[in-house]
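K.L.:
Below is one structure. I have some questions about it.
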Amino acid sequence: MPIATSENILKLLYSYNPWWRDGILPKNLLKPTRRLAYYEAINLLTHPDLRRHVIISGARRVGKTTLLYQMIETLLGRGIEAKKILYVSFDHPLLKFCGMDELVNIYETNVALAGEAYLFFDEVQYASDWDRWLKVFYDTKPDWRIAATGSASPILAQGASESGVGRWTVIPVPTLSFYEYCEITGVEERPTLDSDIKPTSLTKLKQRDLLDLMNCLAPLQKHFFRYLTVGGFPELALSGDSYYAQRMMREDVVDKVLKRDIPALFNIRNAAVLEKVFLYLCFNSSNIINITTISKELDNTPTVTISNYIQFLEQANLIYVSYPINLDGKKVLKARPKIYIADAAIRNAVLMLEDVLADPEQMGVMVETAVYKHLASFYFRSNARVGYYRRSGGSEKEIDVVVELPQGRVFVEVKYRENAVIKEKEAIVEVSKEEKKAEAAVVVTKRAEDFGIMPYDTRVPIMRIPAHVFLYLLGHAEKALIDSFLRQC
């Protein structure tokens, strides 16, 4: 007896699309906070002149599905006919027996009939030949607009580069920034700030204005500690049960990716080795890694396998890979990457660390991880390279994060410790003196009162900024981008 009959598919589609009955999207599917990716996606999807499909990429539970529902609500509010809007998740077991072309044909024949339509495909990477069919729909259905989500970003990007050139755009969705976390959880102490305030502009403030700003943001520090332990996943951030949040991270964000998503997408037969690689990276987050060393630690697993698995973990949005940036313009030979877990709280959940807030070493790792994530996410839209700098010689000197922009470089050193001392011979000071392309230099500190311009004669001032302030202001700077999208709508 056939499983994927037209009748069964239609029943599934009606269950996925309750607005077909009354034109209303159920409130339980919506969240009030709209992130930057929403504004980017809806602006591109509904652009009057530029026709593009939208691919939204991010880790599990990061809010991709919510973003689709928010877009659907916007379309319904603009008067788009309900049955012209289709949502479907290819994660559903029934759709393993039905291709994308068959599903769309059933929808078009029985529901939408002809003309304009907005199609929303969740977890599109599970649909066979998804990129080929999106290309076909783009070329043959000029009145259709399509938005899709996926948890394996380079697979989506590869599809975009091979079939989707000029047809669709990939928009990444990272875990919540600290600013977004404060907004979504309704932190009462959030101050009202000028839209042009950002970490790299603090050197221009007068001392009194800088002191006022730091005093306004000081109450956020206690929320910053919870952010580091619970993480930037919207649903888990709203949970009052931290133990539940960490358990969900292990089971839903990590285990499903390691045991199901990656093995299925990349044809991995032995997921146990993949889990060991990820555990090793969790233990060594924020460190420069050596593939040969990992191989020896993991019973001489071939280095090619280790390299492939690290690539798969990056593609599944579980880790960031930071490569060295050579300031003299020469290629870095035998470049060894730094690895960061995609969200500091993922590492806590996987390693089941206790009392991390009282452990200076673990706090240092978590804060550097959060700093890198925020910088990589914020500067993504600027076509920037985000890596690290290491100077070889008698004593190796390092800058934790370097952002290489077309117009210059931003240097960030994380010194999350009591009485952090930056000596004149340290890399960030030397580079700030020598580097002609330096745009800004920041030292991220621990204590709320540890801020101000450092007393060194450098090309750009080196600004000490407490971690909670640095991350909050970096997230706040995205508001200017959101405001620009609102003006376009």
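What follows draws every value from the coordinates through simple rules; no lab data is involved. Everything quoted here is computed from the prediction, not taken from an experiment. We place every Cβ from the backbone using ideal geometry, glycine too, and count neighbours over all the protein chains shown.
K.L.:
R0 = 35 Å: FRET efficiency of E439 with F225, Cβ-based, nearest 0.05? Walk me through the numbers on the way to the answer.
P.N.:
Details: r = 31 Å, r/R0 = 0.87.
Once rounded, the FRET efficiency stands at 0.70.
K.L.:
Output the pairs from K423/K446; K27/K479; K27/K64; K259/K296; K11/K83 with a Cα-Cα distance over 21 Å in this structure; if there are none, say none.
P.N.:
K27/K479; K259/K296
K.L.:
Provide, in order from the shortest bin, the percent of all Cα-Cα pairs of the range 6-173 in each 5 Å bin, continuing until the bin that contains the maximum pair distance.
P.N.:
P(r) for the range 6-173, in whole percents per bin: 1, 9, 19, 23, 24, 16, 7, 1.
K.L.:
To continue, here is another question. Which trypsin sites (Lys or Arg not before Pro) from the range 58-147 combine a DSSP loop assignment with at most 10 other Cβ atoms within 10 Å?
P.N.:
Answer in residue order: R78.
K.L.:
Stretch D355-Q407 to full length: gain in nm at 0.36 nm per residue minus the Cα-Cα span?
P.N.:
Gain on stretching D355 to Q407: 14.5 nm.
K.L.:
Whole Å is fine, so just give me how far the alpha carbon centre of the range 365-413 lies from that of the range 249-269.
P.N.:
29 Å
K.L.:
Further question: Would you grab the residues whose amide H sits under 5 Å from the one on L119? Only those 5+ places off in sequence or on another chain, please, with H modelled 1.01 Å from N.
P.N.:
Sorted by chain and number, the residues that satisfy this are L86, R145, I146, A147.
K.L.:
Right, another one. Add -39500 (n - 2.57) for each DSSP H run of 4 or more in the chain, then divide by its residues: what number comes out at 222 nm, to the nearest 500 deg cm²/dmol?
P.N.:
Dividing the helical sum by the residues of the chain leaves -12000 deg cm²/dmol.
K.L.:
Return the long-range amide H neighbours of F233 (sequence gap of 5 or more, or a different chain), with a cut-off of under 5 Å between placed amide H atoms.
P.N.:
Here the answer is L176, since their amide H atoms fall under 5 Å of that of F233.
K.L.:
If the chain were replaced by its equivalent ellipsoid, with semi-axes equal to the square roots of 5 times the Cα gyration tensor eigenvalues, what would those be, largest first, whole Å?
P.N.:
Gyration-tensor ellipsoid for the chain: 41, 26, 21 Å.
K.L.:
I've got another one for you. Need one number: nm distance between label points at D241 and V136, each 7 Å from Cα along Cα→Cβ, rounded to one decimal.
P.N.:
4.6 nm
K.L.:
For N383 and W20, calculate 0.36 nm times their separation in residues minus their Cα-Cα distance, and state this gained length in nm to one decimal.
P.N.:
The N383-W20 span can extend by a further 126.6 nm.
K.L.:
For Q207 and N419, calculate 0.36 nm times their separation in residues minus their Cα-Cα distance, and state this gained length in nm to one decimal.
P.N.:
74.2 nm
K.L.:
Just how far, in whole angstrom, is the range 276-330 from the range 182-231 if you go by their alpha carbon centroids?
P.N.:
Centre-to-centre (Cα) distance: 34 Å.
K.L.:
Please give, to one decimal in nm, the separation of the simple spin-label points placed at D129 and I3, each 7 Å out from Cα toward the Cβ.
P.N.:
Placing both labels 7 Å along Cα→Cβ, they lie 2.0 nm apart.
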